[in-house]
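Written out below as structure tokens is the structure these notes cover.
The values are calculated or read from the model by the stated rules, or taken from the named source; none is laboratory data. Since the structure is predicted, the reported quantities are computational estimates derived from the model, not experimental observations. Note that we place each Cβ from the backbone using ideal geometry, even for glycine, and neighbour counts take in every protein chain shown. Just so you know, the surface numbers come from the protein's heavy atoms only, side chains and all, with ligands and any DNA or RNA stripped out. Shrake-Rupley method; radii C 1.70, N 1.55, O 1.52, S 1.80 Å.
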Amino acid sequence: MREMLTGNGAAAWGARLAEVEYLPAFPITPQTEIIETIAKWIDFGECNCRIVMLDSEHSMITAAGAAATTGVRTFTATSSQGLLYGMEMLYTVAGWRAPFVLVNVSRGLASPITLEPDHNDILAARDCGFLQLHCATCQEVLDSVLLAFRVAEDPRVRLPVIVNLDGFYLSFTREPVKVPSVQEVAGFLPPFDPQNQGFRAGTPFSQAVAVLGGTAYSYFRYQSHLAARNAEAVFTESAVLFNETFGRSYQAVETYCCDDAEVVFVMMGSFATKAKAAVDQLRAAGQAVGLLRPLLLRPFPAEAVRRALVGKRGVAIVDQNLSPGYGGILHSEFAANLYGCRDVNPVLVSFIGGLGGRDIGPEEFFEMVNITRAAVASGCIPPPRLLYTESELRDMRKWQSIALEHRSGGELQ
Amino acid sequence: MSETRFKTVRNLPPDHLLGTGTAMCAGCGGLEALHQIYDILGEKTVFINAAGCMTLLAVYPFTPFRGSWLYTAMASAPAGAQGVRDALDILLERGRMTAAEDLQTVVLTGDGAAYGMGLSATSGAIERGLDFLYICYDNEGYGNTGQQTSGATPHGAGTATNKGALGYPGDKKDLFAIWAAHRPAYVATVIGAEPLDLARKVEQAMQLTGPRLILALAPCPTGWGFDPDATVQLGKLAVETGVWPLKESRGGKTMHTKVPKKRLPVEDYLKCQGRFAHLFVPERKDSVLLEIQAKIDAYWGAVECHGAVDP
Ligand SMILES: Cc1ncc(C[n+]2csc(CCOP(=O)(O)OP(=O)(O)O)c2C)c(N)n1
Ligand code: SF4
């Protein structure tokens, strides 16, 4: 069945097709449509799931982890402030090795408070122990939810997964999405087998007990890391089965026109589709450029990234996030990954763009290629470039003068 | 109180279920209460714990519990209980678990979590009618971190963050009333020094479904400054001076289960604790002592007016 679905609708369909049994929820724009959609299905008997409204995301993530660790298939969703409000529990439930899926609809973080997207929220959760899938299209959102459950529940992994989609650009944008049938999905995603986890009278189970000293602590932390490392192969394996079942192929790292490219863009999420369009235009203008997009960010597909960048001269990393005082987070991940590789040593140029939903225009992609080529030629690597146009600056100055006028006007009265 | 199997102390469980040798301090009044509560609740339980002293009951690879345990975080143990209870219900409904395998969902936290950081999660769990038992051991401060002032610290007490001559200037929050205002299935105060009263209340709580609170005053030798062998005596004094009213609330009605016939002066309770020493030395702080006494008298005056039953 092919439907016009928003990214939120696609996420809800993913959960429905995974036959999730439990949905702890809390509203936040631009995520709310996901929980409302599932709630409606539950109310009208189309979905056999229990929904419960918690008092906060901190509670919501606690309840999600607790239910998953008790043995039911659990799904939840949040965004931005909510993800950060629950941050303590993201780390905690990942340590429980509670396999469930959380959809995050990316939205810029306060301050200033905004509704529109960037990736600082999801990247703040980079080290929490959840795996991360970053979607570029509505189809990918639905498919990633199914993939995420399969990877999360695999006995070699058993970790929670965040599926990320961008607020507005995906959450509220309708695209044609193929919605598989329940039967098809059943062939791909078996029912959740909690194995040795779960609370039962007669088989006492102590979960998340304290440890004293670094020996036990390190052991359990290392276990989580090794499980996350396993997840890359499990993802690839699951993607192969996914392709056999549904005829759609996914890779941990998507590459577009990379083979013969001299300069490669690196982007995540829906804005990567803008880069894709720019690559087409740049190619039409005779420029050998390509795009690399990590779908899987945790575990970090280090080898696949290196392989895709062999022989490249320049890489323009467009971070839709900002680590104040450093620059782009993805840039640091790529730099760390490529450092010291003899046959993979492109010049990495860092760009910051798309913060709070700010658009990145085609001319800016052209300019980024120029800057990257200049850096390759000169060997001088510029500091992170903050994308901003003159006309934006003019608008900003206008607003500032209005704001100041209001203030001094207020004082005069 | 309805029919009870605990008519006299001789009916109290003869065997103790909770293992010994835990990391709790000698004379811990919270552990004293927990021992008694666990003997009655039994092993078909899953304890969902928030950060506090009792988190160190289960330290890998040991646990004193015969049933299950889940440590959450300081603020969200009731939300953990929600997830566990809901999941158990789903498993029961779908035939993936038998009724015989079902468990009581029990939250175990200190006062810091119960009166403060966890209040939002608690209120939410009560308003949703979650079927769980909340045990709060109230040592009137953040015990695990060294007895700083919490929402449960009483007026005048010295704490790690109120070391001045007058102690803590605020008043102890009324958690019993906060719970009761939610109209939960059951709320009761207990103390380990009154094991029969405690046993009857736990028994009562177990017969009900929905949100239930057992709020145990937990004399804390370490944080309150008294000898570990005085825990029971201090607990008795808390009741006999009227500092800790033993009561329960059900269906919107509050009953006092033990009204001290002739209340001892509160000084008897205060002067044997280091945390109140500044009220007696270097000189007596009569105004504070009178104020504390007056508040207790006013409380019991109102209770007596209503014949031990609050409207
Ligand atoms: C979010 C968070 N903040 C602070 C702490 C540090 N902490 C651990 S235990 C504790 C005190 C808890 O007090 P209470 O609930 O009264 O339990 P008690 O320690 O007295 O047993 C604190 C503040 C924590 N674990 N988590
Ligand atoms: S500090 Fe107090 S409450 Fe905590 S274990 Fe020691 S005696 Fe018990």
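State which residue is nearest to the chain's Cα centre (by Cα) when the search covers only the stretch A:101-126 and only residues that are hydrophobic (A, V, I, L, M, F, W, C) and within 21 Å of A:Thr74 (Cα to Cα). Only one residue tops the list, namely A:Ile122.
I'm trying to understand the selection: among the residues of the stretch A:33-50, which are without any contact (Cβ under 8 Å) to a residue 24 or more places away in the chain and part of a helix (DSSP H, G or I)? A:Glu36, A:Ala39, A:Lys40, A:Ile42, A:Asp43 - these are the residues of the stretch A:33-50 that are without any contact (Cβ under 8 Å) to a residue 24 or more places away in the chain and part of a helix (DSSP H, G or I). The single residue among B:Met74, B:Met54 that is surrounded by fewer than 24 Cβ atoms within 10 Å (Cβ to Cβ), farther than 14 Å from B:Leu213 by Cβ, within 16 Å of ligand 1 (Cβ to nearest atom) and not polar (S, T, N, Q) turns out to be B:Met74.
Those strands (runs of 3 or more DSSP E) of the stretch A:288-372 in which 3 or more residues are surrounded by fewer than 21 Cβ atoms within 10 Å (Cβ to Cβ) and not charged (D, E, K, R) are absent. Taking the conditions (1) closer than 13 Å to B:Leu196 by Cα; (2) open to solvent by less than 40 Å² (accessible area, probe 1.4 Å); (3) away from ligand 1 (no atom under 16 Å from the Cβ) in turn, B:Leu41 satisfies each one other than (1). Considering the stretch B:211-227, the residues that are surrounded by 24 or more Cβ atoms within 10 Å (Cβ to Cβ) and assigned to a helix (DSSP H, G or I) include one that is nearest to ligand 2 (Cβ to nearest atom), namely B:Gly223. Tell me the residue from B:Tyr142, B:Tyr115 that is open to solvent by less than 10 Å² (accessible area, probe 1.4 Å) and among the aromatic types (Phe, Trp, Tyr), please. After ruling out the rest, the residue left standing is B:Tyr115. Residue check: B:Tyr60 meets all listed conditions (1) open to solvent by less than 30 Å² (accessible area, probe 1.4 Å); (2) without any contact (Cβ under 8 Å) to a residue 12 or more places away in the chain but one, namely (1). Listed by first and then second residue, the pairs linking a residue in the stretch B:33-55 that is without any contact (Cβ under 8 Å) to a residue 60 or more places away in the chain to a residue that is open to solvent by 10 Å² or more (accessible area, probe 1.4 Å) and of a type in the set (Phe, Trp, Tyr), with Cβ atoms under 9 Å apart and 6 or more places separating them unless they lie on different chains, are B:Tyr38/B:Phe65; B:Glu43/B:Phe65. Selection within the stretch B:97-125: residues that are touching a helix residue (DSSP H, G or I) at 6+ places or on another chain (Cβ under 8 Å) and of a type in the set (D, E, K, R). The member of this set that is nearest to B:Glu203 (Cα to Cα) is B:Asp102. Given (1) within 13 Å of another protein chain (Cβ to nearest Cβ); (2) crowded, with 22+ Cβ neighbours inside 10 Å; (3) not in a loop (DSSP other than H, G, I, E, B), where does A:Ala15 come up short, assuming only one miss? Condition (1) is where A:Ala15 drops out.
The set of residues in the stretch A:209-249 that are hydroxyl-bearing (Ser, Thr, Tyr) and under 21 Å from A:Tyr91 (Cβ atoms) comprises A:Thr215, A:Tyr217, A:Ser218, A:Tyr219, A:Tyr222, A:Ser224. Taking the criterion of being within 16 Å of ligand 1 (Cβ to nearest atom) and within 13 Å of chain B (Cβ to nearest Cβ), the residues of the stretch A:67-95 that qualify are A:Tyr85, A:Gly86, A:Met87, A:Glu88, A:Met89, A:Leu90, A:Tyr91, A:Thr92, A:Val93, A:Gly95. Of the residues in the stretch A:214-226, none is in contact (Cβ under 8 Å) with a residue 12 or more places away in the chain, assigned to a strand (DSSP E or B) and open to solvent by 10 Å² or more (accessible area, probe 1.4 Å). Restricting to the stretch B:296-311, and then to whatever is within 21 Å of the chain's Cα centre (by Cα) and modelled with pLDDT of 95 or more, can you tell me which residue is nearest to B:Thr257 (Cα to Cα)? The residue in question is B:Trp300. Return yes or no: is B:Thr45 farther than 29 Å from A:Ala66 by Cβ and at pLDDT 95 or above? In short, no. Test A:Phe44 against the criterion of being within 14 Å of another protein chain (Cβ to nearest Cβ) and open to solvent by 10 Å² or more (accessible area, probe 1.4 Å), and give yes or no. No; evaluated as a whole, the condition is false for this residue. Inspection of the stretch A:73-80 identifies at least one residue that is open to solvent by 10 Å² or more (accessible area, probe 1.4 Å), in a loop (DSSP other than H, G, I, E, B) and either farther than 22 Å from A:Ala210 by Cα or in the same structural domain as A:Tyr217 (by TED's automatic domain parsing) (or both). The single condition among (1) outside any loop (DSSP other than H, G, I, E, B); (2) more than 27 Å from A:Gly340 (Cβ to Cβ); (3) not aliphatic (A, V, I, L, M) that A:Ser249 does not meet is (1).
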